[in-house]
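Here is the structure we will look at, set down as structure tokens.
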Amino acid sequence: MKRVLSAGLAGGVVLLVWFVVVNGLLGFKGRIDMKPLPDERLVYEVLRENVPEPGKYACNPELTGDRRFIGDAPVFGVHYSGLGHDDAGRESLVGLAVFLLAPILGAWLLSRASDGVLARFGSRFLFFATIGVVIGLIGFQARFGIGGYSFGDAAALTIHDIAAWAVAGLAVAGLLKPARGRPE
């Protein structure tokens, strides 16, 4: 169990470093999530007055006379978590827990794999990276759609997540070697 925790924590640290560098220093996710709005102050005031409860809201176009939506009219999504800037520290603690627990779970799953998978670094890496692909594809489905991200932004975020898991997979696969008595 010690080797699973060590490998999982190493993967979590790698994920954390990835997100700090790619998102914090290079601003990848911020460019997608925080695009500026023209007349932002006006939009902000309208939202503040009309979105009182946390949740995800869809802003649809007005219905036509026969009670249908205009097919190509935009639908806007509004997300309000109920948190403000003062809550950023608590939000970061939840994110840190996910950064550490998800790779530990992935390392545990890998430790339960067959001897054939555990015997080679490449197989261990592909096993762990495949978990990232599954998580990325589920994330894509959750992000893309009416009121969500555009196809391009959802795809970019998915590739980002898969790449993060692949980089973490290098650390996990390097540290989670077969237990004694199993072939290396």
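The values are calculated or read from the model by the stated rules, or taken from the named source; none is laboratory data. Keep in mind that this is a model prediction, so the values were computed, not measured. All Cβ positions, even for glycine, are placed from backbone atoms using ideal geometry, and neighbour counts span all protein chains on display. Areas reflect the complete protein model, heavy atoms only, side chains present, ligands, DNA and RNA absent. Shrake-Rupley method; radii C 1.70, N 1.55, O 1.52, S 1.80 Å.
Pull out all pairs, ordered by first then second residue, where Cβ-Cβ is under 7 Å, the residues are six or more apart or on different chains, the first lies in the range 24-47 and is farther than 18 Å from Ala154 by Cα, and the second is surrounded by 11 or more Cβ atoms within 10 Å (Cβ to Cβ) and at pLDDT 90 or above.
From residues that are farther than 18 Å from Ala154 by Cα, the pairs are Leu37/Val43.
All but one of (1) aromatic (Phe, Trp, Tyr); (2) farther than 30 Å from Glu49 by Cβ; (3) free of Cβ contacts under 8 Å to residues at least 24 places away in the same chain hold for Phe144, so report the exception by its number.
Against the list (1) aromatic (Phe, Trp, Tyr); (2) farther than 30 Å from Glu49 by Cβ; (3) free of Cβ contacts under 8 Å to residues at least 24 places away in the same chain, Phe144 comes up short only on (2).
Out of the range 65-75, which residues are under 20 Å from Ser150 (Cα atoms) and loosely packed, with under 10 Cβ neighbours inside 10 Å? Please lay out each step first, then the result.
Step one: filter the range 65-75 for residues under 20 Å from Ser150 (Cα atoms), giving 69-75.
If the condition is that a residue be under 20 Å from Ser150 (Cα atoms) and loosely packed, with under 10 Cβ neighbours inside 10 Å, then Gly71, Asp72 are the ones that fit.
Taking Ala10 as meeting all but one of (1) assigned to a helix (DSSP H, G or I); (2) within 21 Å of Ala156 (Cβ to Cβ); (3) in contact (Cβ under 8 Å) with a residue 60 or more places away in the chain; (4) not β-branched (Val, Ile, Thr), write down the number of the exception.
(2)
For the range 28-43, enumerate the residues that are among the aromatic types (Phe, Trp, Tyr) and exposed (fewer than 10 other Cβ atoms within 10 Å of the Cβ). First the steps, then the outcome.
Applying the first criterion (among the aromatic types (Phe, Trp, Tyr)) to the range 28-43 yields 28.
If the condition is that a residue be among the aromatic types (Phe, Trp, Tyr) and exposed (fewer than 10 other Cβ atoms within 10 Å of the Cβ), then no residue fits.
Check the range 100-112 and report whether any residue there is open to solvent by 80 Å² or more (accessible area, probe 1.4 Å), aliphatic (A, V, I, L, M), under 24 Å from Asp33 (Cβ atoms) and assigned to a helix (DSSP H, G or I). Explain how you work it out, then say what you get.
Here is the first cut: in the range 100-112, the residues open to solvent by 80 Å² or more (accessible area, probe 1.4 Å) are 101, 105, 108, 112.
Filter again for aliphatic (A, V, I, L, M), leaving 101, 105.
This time we only want the ones that are under 24 Å from Asp33 (Cβ atoms), so: 101.
Now narrow it down to the ones that are assigned to a helix (DSSP H, G or I): 101.
Yes, the range 100-112 contains at least one residue that is open to solvent by 80 Å² or more (accessible area, probe 1.4 Å), aliphatic (A, V, I, L, M), under 24 Å from Asp33 (Cβ atoms) and assigned to a helix (DSSP H, G or I).
Select from the range 16-28 the residues that are at pLDDT 90 or above and part of a helix (DSSP H, G or I) and write down the one among them that is farthest from Leu110 (Cα to Cα). Break it down into steps so the answer makes sense when it comes.
Of all residues in the range 16-28, those at pLDDT 90 or above come to 17-18, 21-22, 25-28.
From what is left, the residues that are part of a helix (DSSP H, G or I) are 17-18, 21-22, 25, 28.
Values: Val17: 22, Trp18: 21, Val21: 27, Val22: 26, Leu25: 31, Phe28: 30 Å.
Selected residue: Leu25.
What number of residues within the range 1-16 satisfy the criterion of being under 27 Å from His79 (Cβ atoms) and open to solvent by 50 Å² or more (accessible area, probe 1.4 Å)?
First, the residues of the range 1-16 that are under 27 Å from His79 (Cβ atoms): 12, 15-16.
Remaining after also requiring open to solvent by 50 Å² or more (accessible area, probe 1.4 Å): 16.
Here the count works out to 1.
Take the range 106-134 and flag every residue that is among the polar types (S, T, N, Q) and touching a residue at least 24 places away in the same chain (Cβ under 8 Å). Before the answer, list the steps.
Filtering the range 106-134 for residues among the polar types (S, T, N, Q) gives 111, 114, 123, 130.
Once the filter is applied, which keeps residues that are among the polar types (S, T, N, Q) and touching a residue at least 24 places away in the same chain (Cβ under 8 Å), the range 106-134 yields only Ser111.
Asp86: open to solvent by less than 80 Å² (accessible area, probe 1.4 Å), of a type in the set (D, E, K, R) and modelled with pLDDT under 90, yes or no?
So Asp86 does not fit the description; no.
Can you name every residue in the range 44-64 that is open to solvent by 100 Å² or more (accessible area, probe 1.4 Å) and either among the β-branched types (Val, Ile, Thr) or in a strand (DSSP E or B) (or both)? Working first, answer last.
Kept after step one, since they are open to solvent by 100 Å² or more (accessible area, probe 1.4 Å), are these residues of the range 44-64: 44, 48-50, 53, 56, 62.
Matches in the range 44-64: Lys56 only.
Looking at Gly139, Gly95, Gly132, Gly122, can you tell me which residue is closer than 27 Å to Tyr44 by Cβ and open to solvent by less than 80 Å² (accessible area, probe 1.4 Å)?
Numbers: Gly139 fails: closer than 27 Å to Tyr44 by Cβ; Gly132 fails: closer than 27 Å to Tyr44 by Cβ; Gly122 fails: closer than 27 Å to Tyr44 by Cβ.
Gly95 is the lone residue from the list that is closer than 27 Å to Tyr44 by Cβ and open to solvent by less than 80 Å² (accessible area, probe 1.4 Å).
If you go through the range 80-90 one residue at a time, do you hit one that is of a type in the set (D, E, K, R) and either outside any helix (DSSP H, G or I) or touching a residue at least 24 places away in the same chain (Cβ under 8 Å) (or both)? Before you say what the answer is, go through the steps one by one.
Going through the range 80-90, the residues of a type in the set (D, E, K, R) turn out to be 86-87, 90.
Now narrow it down to the ones that are either outside any helix (DSSP H, G or I) or touching a residue at least 24 places away in the same chain (Cβ under 8 Å) (or both): none.
Taking every residue of the range 80-90 in turn, none turns out to be of a type in the set (D, E, K, R) and either outside any helix (DSSP H, G or I) or touching a residue at least 24 places away in the same chain (Cβ under 8 Å) (or both).
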